[in-house]
Each structure stands twice: as structure tokens, then as C-alpha cells.
1. Need the full-extension length gain, residue 56 to residue 32, defined as separation in residues times 0.36 nm minus the C-alpha distance. One decimal, nm.
2. In nm, give the distance between the simple-model label positions of residue 85 and residue 64, each being 7 Å from the Cα along the Cα-to-Cβ direction.
3. Let me know the shape class of region 42-85, please: from the alpha-carbon gyration tensor, a ≥ b ≥ c as square roots of the eigenvalues, rounded when a/c is under 1.5, otherwise prolate if a/b is greater than b/c, or oblate.
């Protein structure tokens, strides 16, 4: 599950992980541009630095999959770095 605001700002999402064979739902929020907050915190460290590659593609309807692929391929790879912390 996830929700996104205009401008691609992540509001909240829920991911399922399975530590030791058990299912655990993680809630993730983005209170600041470079900060993700995870609840509950399943890690044994106080924070995690993460870098994600992405490409900027125009927010517009594409006539078909190939038009989107062309725009995606032409876009430069950029990187988003953030800190993941407990609530």
C-alpha cells in the first residue's frame, strides 16, 4: 500500500517483511525531503543511509509503452540519498 502527493513526495507506504519466518508490516513516512521514518524499527542499527537511482520522466500520458520506454531511456540517471530512522 502506498500514497504519493504531487511532486512525487512520498507520504506513506506499508511494506511486509518476514524476519525469522514471521510477517511484519512496516509503516514508512517521509516527514522531510531526505528523511524516511520506519515503524516499527526492525533493525539493530540506529539509522540507515540509502541511495536510490531514479530517472525523471515527464508526468504526462504516453500514447503507448514504447513512448514511455523511449522517455525513460533518454532520461539521465540521478540519485536520491536519504536517512532511514526509527520513529
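Values quoted throughout were computed directly from the atomic coordinates according to the rules given, and no laboratory measurement underlies them. Bear in mind that the values here come from a model prediction, so they are computed numbers and not experimental data. All Cβ positions, glycine included, derive from the backbone under ideal geometry; neighbour counts span all protein chains shown.
1. Working: separation 24, 0.36 × 24 = 8.64 nm, distance 2.01 nm.
Result for the pair: 6.6 nm of gain on full extension.
2. 4.9
3. Working: a/c = 4.20, a/b = 3.08, b/c = 1.36.
Prolate, because a/c is 1.5 or more and a/b exceeds b/c.
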